[in-house]
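The values are calculated or read from the model by the stated rules, or taken from the named source; none is laboratory data. Since this is a predicted model, take the numbers as computed values, not measurements. For neighbour counting, all protein chains shown are included, and Cβ atoms are generated from backbone atoms with ideal geometry for every residue, glycine included.
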Amino acid sequence: MRGPLVFKGYWNLEKDTEYTFRGGWDHTGDVGRFDSDGYLWYVKRKAEFVGGRNARYKKPRSVQFVSSLPKNEAGFINREKVKAIYGVK
């Protein structure tokens, strides 16, 4: 996409910004279609990635589904227990 409201790039990540903004367009990785009335509809992601600030678009080796996660007294997920139980690094 492109336009005056599209962000200008990633803070201190020049290579990522260059890759994302090619030919004047922001390549989001989303796939869409226009209908007969000219509306743009979101269809899917080009590729599903699990990442974060320090992850560079890496696919997970595996995904484990659980029915619940341990929580602390405040009701938030207890990250230390999750790491201990599921071996998350």
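Points worth noting:
- Checking each residue in the range 60-79 for being surrounded by 10 or more Cβ atoms within 10 Å (Cβ to Cβ) and either over 30 Å from residue 12 (Cβ atoms) or modelled with pLDDT under 85 (or both) picks out 60, 69, 70, 71, 72, 78.
- Checking each residue in the range 18-58 for being assigned to a loop (DSSP other than H, G, I, E, B), at pLDDT 70 or above and basic (Lys, Arg) picks out only 46.
- Tabulated pairs, the range 1-16, first closer than 17 Å to residue 29 by Cα, second surrounded by fewer than 10 Cβ atoms within 10 Å (Cβ to Cβ), C-beta under 8 angstrom, 6+ apart or interchain: 2/24
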